[in-house]
Amino acid sequence: MFKSTDLPYLIQFLAMFHIYKPCDWLVDHFLWTRVCRFDKDLKHCRRSVSEIRVRYKPSLFQHIGIHSSLKGKIQKLKDKDYGKVQLHRPHSNPAALVKTNLQVYQKYDIARAYKGETFFWATLPKAGDEVTIEFTPPVSLQRLYFRCGTIEHEDDQFYNTTVEIKPLSLDNIPADLSAELAANKTSDAFFIVSKFQDGEANAFISPKIGKLHSVRLKVQMPSDKWIILSEIFLKPR
């Protein structure tokens, strides 16, 4: 992948040298030309290239057929990620202790999903089931976003489920915001900020709320569908 500002230079480079070498080779040469120096060794060159090379997974393009543009060469290589469907979207979330009383299916536990290693998969939820994210240490968040389902299991979603926050302290929250929060307060001092709808839940958190002790997903009614949580994104302020 390249930034749009770099594309004019890449296009000129390919146009100048494509009759001499395959374009995939020229892409590497383009990067080497930008960052490699004659007064540095090969190790420095490779490290510098790795710092600016952006690779998208799974791959969007793949060589078709086995005949290379180089005369007489057979090309059998295939990108190992090509054609794979990404079933979860990872994020670097704040440090937290993550737990649930939902029945986890196989190895798809909530702790690994929070770290972005896989998705979370659980069997039939009951009213009162929950996922709790307790921050270590408490953190001020700008946004919460959760997405359910995969291309293979689109209906495995949270239904009738609320997204709730628990501020570290209520002492410094302005009166108008405090009244708004109070209208959505639960019996155990959490505050509802969003609900899952069509497999997604999204909320923007006011900076006036301050640091959060925890975030919770709370199932309000039982469901006959399993649950897949394929994206967890908690954006710190």
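If the condition is being open to solvent by less than 100 Å² (accessible area, probe 1.4 Å), assigned to a loop (DSSP other than H, G, I, E, B) and either touching a residue at least 12 places away in the same chain (Cβ under 8 Å) or at positive phi (or both), then the range 1-32 contributes PHE2, PRO22.
Whenever a residue of the range 85-97 is closer than 11 Å to ALA113 by Cα and open to solvent by 60 Å² or more (accessible area, probe 1.4 Å), it has no partner that is of a type in the set (A, V, I, L, M) and in a loop (DSSP other than H, G, I, E, B) lying with C-beta atoms less than 7 angstrom away and at least six residues away or across chains.
In the set LYS208, LYS195, which member is within 22 Å of the chain's Cα centre (by Cα), free of Cβ contacts under 8 Å to residues at least 60 places away in the same chain and surrounded by fewer than 20 Cβ atoms within 10 Å (Cβ to Cβ)? Only one candidate qualifies: LYS195. Scanning the range 33-54 for residues that are assigned to a helix (DSSP H, G or I), of a type outside the set (Lys, Arg) and surrounded by 13 or more Cβ atoms within 10 Å (Cβ to Cβ) turns up VAL35, HIS44, CYS45, SER48, VAL49.
Table: residues versus (1) surrounded by fewer than 19 Cβ atoms within 10 Å (Cβ to Cβ); (2) at pLDDT below 90; (3) more than 15 Å from THR132 (Cα to Cα); (4) not hydroxyl-bearing (Ser, Thr, Tyr).
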| site | (1), (2), (3), (4) |
| --- | --- |
| GLN157 | no, no, yes, yes |
| LYS225 | yes, no, yes, yes |
| SER230 | no, no, yes, no |
| PHE233 | yes, no, no, yes |
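If the condition is being among the β-branched types (Val, Ile, Thr) and farther than 10 Å from LYS126 by Cα, then the range 214-230 contributes VAL215, ILE227, ILE228.
Being acidic (Asp, Glu), exposed (fewer than 15 other Cβ atoms within 10 Å of the Cβ) and closer than 13 Å to ARG216 by Cβ is a property that holds for ASP188. Residue pairs whose Cβ atoms lie under 7 Å apart, sitting 6 or more positions apart in sequence or on different chains, and linking a residue in the range 101-122 that is loosely packed, with under 15 Cβ neighbours inside 10 Å to a partner that is not in a strand (DSSP E or B), are ASN101/ASP129; GLN103/THR123.
Among the residues in the range 123-134, are any in contact with a Phe, Trp or Tyr (Cβ under 8 Å, 6 or more places away or on another chain) and under 25 Å from GLY210 (Cβ atoms)? Checked the range 123-134: at least one residue is in contact with a Phe, Trp or Tyr (Cβ under 8 Å, 6 or more places away or on another chain) and under 25 Å from GLY210 (Cβ atoms). Going by the structure shown, is VAL163 open to solvent by less than 80 Å² (accessible area, probe 1.4 Å), under 21 Å from VAL104 (Cβ atoms) and under 19 Å from the mean Cα position of the chain (by Cα)? Yes; evaluated as a whole, the condition is true for this residue. You will find that of LEU87, LEU10, LEU14, the residue that is closer than 30 Å to ASP109 by Cβ and either modelled with pLDDT of 70 or more or more than 22 Å from the chain's Cα centre (by Cα) (or both) is LEU87 and no other. Could you run through the range 34-70 and say how many residues are at pLDDT 70 or above and farther than 30 Å from ASP109 by Cα? Counting residues in the range 34-70 that are at pLDDT 70 or above and farther than 30 Å from ASP109 by Cα gives 20. Selection of the range 126-155 for residues being under 19 Å from the mean Cα position of the chain (by Cα), closer than 17 Å to ILE228 by Cα and open to solvent by 60 Å² or more (accessible area, probe 1.4 Å) yields ARG147, ILE151, GLU152, HIS153, GLU154. The lone criterion from (1) modelled with pLDDT under 95; (2) assigned to a loop (DSSP other than H, G, I, E, B) left unmet by LEU102 is number (1). Output yes when any residue across the range 122-132 is touching a strand residue (DSSP E or B) at 6+ places or on another chain (Cβ under 6 Å), basic (Lys, Arg) and farther than 21 Å from ARG112 by Cα, and no when none is. No, every residue in the range 122-132 fails to be touching a strand residue (DSSP E or B) at 6+ places or on another chain (Cβ under 6 Å), basic (Lys, Arg) and farther than 21 Å from ARG112 by Cα.
The values are calculated or read from the model by the stated rules, or taken from the named source; none is laboratory data. Quantities reported herein were computed from a predicted structural model and do not represent experimental measurements. Here the Cβ is made from the backbone with ideal geometry for all residues, glycine too, and neighbour counts use every protein chain on show. Just the protein is used for accessible areas: all its heavy atoms, side chains included, with ligands, DNA and RNA removed. Shrake-Rupley method; radii C 1.70, N 1.55, O 1.52, S 1.80 Å.
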